[in-house]
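Read-outs: derived from the displayed coordinates by stated rules, not from any lab. As the structure is a prediction and not an experimental result, all values here were calculated from the model. Reconstructed Cβ throughout: ideal geometry from the backbone, glycine too, with neighbour counts over all protein chains shown.
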Amino acid sequence: MSSDFVVGLDMGTTKVAVLIGEFTSEGETRIIGAGSAPAEGIKKGVVVNMDEAADSLRAAVSQAERMAGVEIRGVCAGVSGPHIKSFNSRGVIAIPTSRREVCARDVDKVTEAARSITLPLDREIVHSLPQDFVVDNQTGIHDPVGMSATRLEADVHIVTALGMPLENMLKVSKKVGIEIVDMVFDPIAAARAVLTRDEMNLGCCVVDVGGGVTNYALYYGGTVRASGVIAAGGVNVTNDLAVGLRTSAAVAEDLKLSHGLALASLANDEETIMVPGIGDREPREVRTQILAAIIEPRSEEIFTMVKKAVGGDPFYRLLGAGIVLAGGGSKLRGMEGVAEEVFGLPVRVGRSANLMGLSELVDSAEWTTGIGLLLHGRDRIAEHGGDGAVDRVKWMVNRVRRIASLF
């Protein structure tokens with residue numbers, strides 16, 4: 001990944017996607033390459049077969065490289081899976097009496113204090129995201145630097161993951177000849193692509209419906225308040241259709257994408273489709289209402305599981321901007337209606353904005369996480385890279401070493 005380019009890698013259950021972007025000094029992001037391949041050797045966001053996963057990644061990388069005319073060396077990769085666990089933590093430090101003023105170093109120290117928690121040996125911290133600061137019992141402070149204080153506290157959102165799945169992702173990438181220079185929890189990446197600053201401040205929950213899992217991230221006051229993973233997604237809908245229609249998973253997936261409806265009330269009573277039989281069996285004519293009747297309960301169940309997981313959070317009651325859907329599973333017509341019925345909040349399907357170049361190729365819900373990873377990588381390089389290519393490369397190398405040292 002050169003000083004002018006950034007790469008996002010989304011290794012999902014059904015698809016491996018790679019995006020290459022070029023960012024300008026004016027802050028514009030131009031997509032110059034995109035590649036995707038069916039995901040093999042990956043289940044619920046976790047590598048289960050190294051060689052198959054490497055072949056899928058290699059195919060996606062090769063496609064993106066040919067389109068962009070560049071060679072990929074480093075990527076910003078998304079992480080997900082049922083092994084992800086998130087929680088909030090608080091750190092506390094005393095401000096030295098010699099100055100009584102909060103500086104940037106104090107903010108780093110109190111954030112690190114919040115990170116200093118006892119974790120199982122097989123678990124690592126992926127994110128530690130500051131939420132609010134407390135200065136001498138004064139709450140609701142977003143930036144305490146420069147304030148007079150004797151005591152500083154910080155509430156921090158911690159995202160953790162099992163070490164082995166992360167290590168396996170690193171190994172698969174190395175087999176293909178690329179380095180993972182940063183890791184981002186999928187719904188946080190998706191939020192970067194589809195949420196506006198106003199939505200983050202007012203309160204909004206991103207629900208990223210993927211193939212094997214559904215991720216969520218709840219924002220309020222401009223930062224993440226809660227996040228997590230539900231072990232169900234679009235593949236569950238496909239399997240339900242395969243069983244209900246007595247056909248193969250491949251046919252069920254095609255029917256879901258071409259004729260699927262998440263709300264039975266949207267189905268046309270007279271519309272029918274032909275369902276190929278398995279083996280030598282004859283194809284059968286089935287009303288689209290039957291598809292919707294199978295899809296709707298599973299979609300409702302997925303959203304109900306998300307609501308159960310996040311509904312107890314005190315910030316859930318403050319979601320002024322409602323729910324934003326992302327991920328390939330949100331493409332089905334009627335998903336917004338199902339989500340509105342379950343959450344009782346306004347719902348929209350997220351769209352990535354302010355992209356140039358080949359943006360029309362990735363203007364679809366299944367590319368949301370990849371775009372967010374690309375934008376996150378751009379932000380990180382701009383934040384930590386300084387003004388020169390040498391500083392940016394130094395940051396990326398240090399990041400690789402830091403990740404590698406976890407294992």
Beta bridge orientation in the chain: antiparallel %, DSSP, nearest 5: 75
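Taking each pair of distinct Cα atoms in segment 32-153 once, what is the resulting Kirkwood hydrodynamic radius in Å? Intermediate values should be presented prior to the final figure.
Working: mean 1/r = 0.0547 Å⁻¹.
Evaluated over segment 32-153, this radius sits at 18.3 Å.
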Within the chain: Cβ-based charge dipole about Cα centre, in debye rounded to nearest 20 (Lys, Arg +1; Asp, Glu -1): 1040
Karplus (6.51, -1.76, 1.60) ³J(HN,Hα), θ = phi - 60°, over segment 29-46, in Hz, Gly and Pro reported as x: 10, 10, 7, 10, x, 8, x, 8, 8, x, 7, 10, x, 10, 9, 6, x, 10
Cα radius of gyration and Dmax for segment 123-280 (Å): 22.5, 79
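Determine the calculated [θ] at 222 nm for the chain from helices alone, applying -39500 (n - 2.57) to every DSSP H run no shorter than 4 residues and normalising by the residue count; nearest 500 deg cm²/dmol. Intermediate values should be presented prior to the final figure.
Numbers: 11 runs with 148 residues, N = 407.
Theoretical 222 nm ellipticity from helices: -11500 deg cm²/dmol.
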Per-residue ³J(HN,Hα) for segment 322-330, Karplus 6.51 cos²θ - 1.76 cosθ + 1.60, θ = phi - 60°, Hz, x for Gly and Pro: x, 10, 10, 8, 9, x, x, x, 8
Scattering profile of segment 81-133 at q = 0.27 Å⁻¹ [log10 I(q)/I(0), Debye over alpha-carbon scatterers]: -1.16
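Mean projection of the alpha-carbon convex hull of segment 229-273 over all orientations, in nm²?
On the way: hull surface 15.3 nm².
Taking a quarter of the hull surface, the average projection is 3.8 nm².
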With 20 Å bins from 0: P(r) over the chain, alpha-carbon pairs, percent: 26, 56, 17, 2, 0
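Please report the antiparallel percentage of the DSSP beta bridges confined to segment 85-162, to the nearest 5. Each step should come with its number before you reach the end.
Details: 24 of 24 bridges.
DSSP beta bridges in segment 85-162 are roughly 100 percent antiparallel.
Subtracting the Cα-Cα distance from 0.36 nm times the residue separation, let me have the gained length for Val145 to Ala293 in nm, one decimal.
Numbers: separation 148, 0.36 × 148 = 53.28 nm, distance 5.57 nm.
Residue separation times 0.36 nm, minus the Cα-Cα distance, leaves 47.7 nm.
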Residue among Leu291, Tyr220, Val181 farthest towards the positive dipole end of the chain, charges placed on Cβ: Val181
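Order by neighbour count: Thr24, Thr111, Thr118, fewest other Cβ atoms within 10 Å first, most last.
Values: Thr24 10, Thr111 19, Thr118 4.
Exposure proxy ranking, most exposed first: Thr118, Thr24, Thr111.
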Residues with amide H under 5 Å from that of Asp132, placed H, sequence gap 5 or more: Asp155
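Take the eigenvalues of the Cα gyration tensor for segment 160-246, scale each by 5, and report the square roots as semi-axes in whole Å, largest first.
Details: eigenvalues 132, 112, 24 Å².
Equivalent ellipsoid of segment 160-246: 26, 24, 11 Å, largest first.
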Nonlocal amide H pairs with Gly12, under 5 Å, H built at 1.01 Å: Ala17
Fewest-first ranking of Phe5, Phe87, Phe185, Phe315, using other Cβ atoms within 10 Å as the exposure measure: Phe87, Phe315, Phe5, Phe185
Residues Thr272, Thr97, Thr196, sorted so that the one with the fewest Cβ neighbours within 10 Å comes first: Thr97, Thr196, Thr272
